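The values are calculated or read from the model by the stated rules, or taken from the named source; none is laboratory data. Fair warning: this is a prediction, and the values are worked out from it, not measured in the lab. In this analysis, Cβ positions are derived from the backbone assuming ideal geometry, glycine residues included, and neighbour counts consider all displayed protein chains.
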């Protein structure tokens, strides 16, 4: 099943050229989360490695990981032409063109080889409904990883309609106010969450990871409604 997501080219939740700044404002600990993801990768990988970056977007992970290790090779995958154009500019600006390549499309569009030493899927899964699409994405990633490869997933989690998630959203609104976010942007983000985001409880997140063939799962990051997990392919 294709892992089709919200279309960031025809109907982006925020303007593409504002995505990076908005993400830092909207997601508590956004930059620290990427630093922690890099630390998880360094803890599990050798100096050399071939990484698959799923949902590469505007290139935040590609630059962060590329600067964090001078010998890693990376392939960034994303269906958004507009986002990849921004990522390409960043790759060139940071002299990463020899080590970082881009692929327009979905993970299941990639060839079966090569197999990768690690993969990341940061802020992608929550755009997929839990109707088989989330599992299909995880399986398509697992199929392109070597045995014992490291996998990092960062995802909004929780269950819509529950008191716990509603309390988190109340806190988040106040956090956004503290960050200076305009009220119309807040309303737009909440509308996107209500209509196009499909969070699942952490227990379900772990279950899907295990069903896709991942084990030794550790949560390394929490930012209110966003969690990050590092796992190992069985």
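Below are the figures for this structure:
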| quantity | calculated |
| --- | --- |
| Which numbered condition residue 58 misses (of (1) buried (at least 22 other Cβ atoms within 10 Å of the Cβ); (2) at pLDDT 95 or above) | (2) |
| Strands (runs of 3 or more DSSP E) completely within the stretch 59-152 that count 1 or more residues being within 25 Å of residue 216 (Cα to Cα) and in contact (Cβ under 8 Å) with a residue 12 or more places away in the chain | 72-78, 116-122 |
| Enumeration of residues in the stretch 31-43 that are in contact with a strand residue (DSSP E or B) (Cβ under 9 Å, 6 or more places away or on another chain) and either in a strand (DSSP E or B) or buried (at least 18 other Cβ atoms within 10 Å of the Cβ) (or both) | 33, 34, 37, 40, 41 |
| The stretch 89-108, residues that are surrounded by fewer than 17 Cβ atoms within 10 Å (Cβ to Cβ) and more than 18 Å from the chain's Cα centre (by Cα) | 89, 92, 93, 94, 95, 97, 98 |
